[in-house]
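Report on the structure given below.
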């Protein structure tokens, strides 16, 4: 068995360099969030331009393009962007992919909608990082536009002590013909609002044995809702709509565990 273990200084670039070749195989079946973002885009006009932060391999972008929108996708992983270019090639001329940090880029124009799907903001590990990203989203948003993102913070997911290995999915890898399995182990830090997740990507032998394993370590920030809303307000957002799942159920703040996901719509006022 070949073992690919993360080094201590493995950051976002290293994480997604490992994920990029197999990412679409593992996550293409995850559609509930994509359907939600597409439904939210129905308020836009055909041809409007959407800015997607954390565009990854273009899983959501492709669906926006198929609906007639134009998209600029920003990501800090060159490997994921390369996968996106191949995936989106048939839509040439209607999308742009930008290699940049979501906290620091400036495209010099505003967008009808800005989105950060699939837990992208959880990679921002300090208040300062998240504040900069929120300011940047606001800066790129047209008057009357929405900034939409989703997350699964610890106050929804509950505490994790690292004692379980959870099966996320199992798919067929068309390149190797093998079944590929994703299992995860999540550990909440005792003295910091972060979670460390180890993802075990296994290519399986016909008898179920592991032919190859890639281990990816990802760190996520858990932030209290009031703190998140304060950072958004500090960035200039004037109003928030909060939902507790991808069905559009209003967030239940009194019973956090009743929610399945945090979905935030931050609005930029007009004028």
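Just so you know, all these numbers are worked out from the coordinates, no wet-lab data involved. Computed from a predicted structure; not experimentally measured. Every residue, glycine among them, receives a Cβ derived from its backbone with ideal geometry; neighbour counts consider all protein chains shown.
List of remarks:
- Packing-based order for 219-231, 163-175, using average beta carbon neighbours within 10 Å, highest first: 219-231, 163-175
- Rounded to the nearest 10 degrees, the angle from helix 225-235 to the longest Cα principal axis of the chain is 50 degrees.
- Summed over qualifying helices (DSSP H, 4 residues or more, each -39500 (n - 2.57)) and divided by its residue number, the chain shows a 222 nm mean residue ellipticity of -7000 deg cm²/dmol.
- Each peptide among 77-85, 43-51 gets the average number of other Cβ atoms lying within 10 Å of its residues, and from highest to lowest they stand as 77-85, 43-51.
- Additional length obtainable on full extension of the chain from residue 267 to residue 90, 0.36 nm per residue less Cα span: 60.5 nm
- Packing-based ranking of 259-266, 200-207 yields 259-266, 200-207, ordered from highest to lowest mean Cβ neighbour count within 10 Å.
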